[in-house]
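See structure below.
Only the coordinates and a few stated rules stand behind these numbers; no lab work does. Being a predicted model, the structure only gives us computed values, none of them experimental. For neighbour counting, all protein chains shown are included, and Cβ atoms are generated from backbone atoms with ideal geometry for every residue, glycine included.
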Amino acid sequence: MFQALIDLFTVPDARADLQPEDARAALATLLVRIARADDHYDPAEHQMILDVLQDRYQLGLEAAEQLKADAERLESQAPDTVRFTKIVKNAVPYEERIGVVEALWRVAMADGQRDHEEDGFLRLVVNLLGVNDRDSGLARQRVIASLDNG
């Protein structure tokens, strides 16, 4: 299965029927990519990715850890962010994509710092996901407020 995912995300003309787990893998990979955007993959970011995967997909810790490990391998082998976002955009309704943006902000802010590379990556991904600026800004504000209160 892992090789099929790599092909799906890296081979230009790979044709495969998208499965729900493909969108799950694509989102997990985007979460890893945002965590690595500033060249510092912080332990708090690792934990936040696990938390997001467990909450979003109702996974146990072991399943979330396996999905994150697969996403880490996939992220290191697949240079094209556009494919990940396209899979998520096609598989996830708009209202739920706002939740994807929130999840990305949670990971970006997990280490307590906003970084220019992470901000730039998030602007790109939000645009590719088709989420408008207003909804993206509100998602960011909700995440910041929850971190301030949590």
Local electrostatic count, L27, Cβ distance below 14 Å [Lys/Arg +1, Asp/Glu -1]: 0
For log10 I(q)/I(0) by the Debye sum over Cα atoms at q = 0.13, 0.19, 0.21 Å⁻¹, one of [x] -0.58, -1.33, -1.61; [y] -0.53, -1.19, -1.47; [z] -0.50, -1.08, -1.31 was computed from the structure I shared and the rest are decoys. Which label? [y]
Against the longest principal axis of the chain, how steep is helix 116-129, in degrees 0 to 90 to the nearest 10, with axes from Cα atoms? 60
Can you tell me the Rg and Dmax of the range 47-109, counting just the alpha carbons, in angstroms? 12.0, 30
What is the ratio of the Cα radius of gyration of the range 20-64 to 2.2 N^0.38 Å, with N the residue count, to two decimals? 1.13
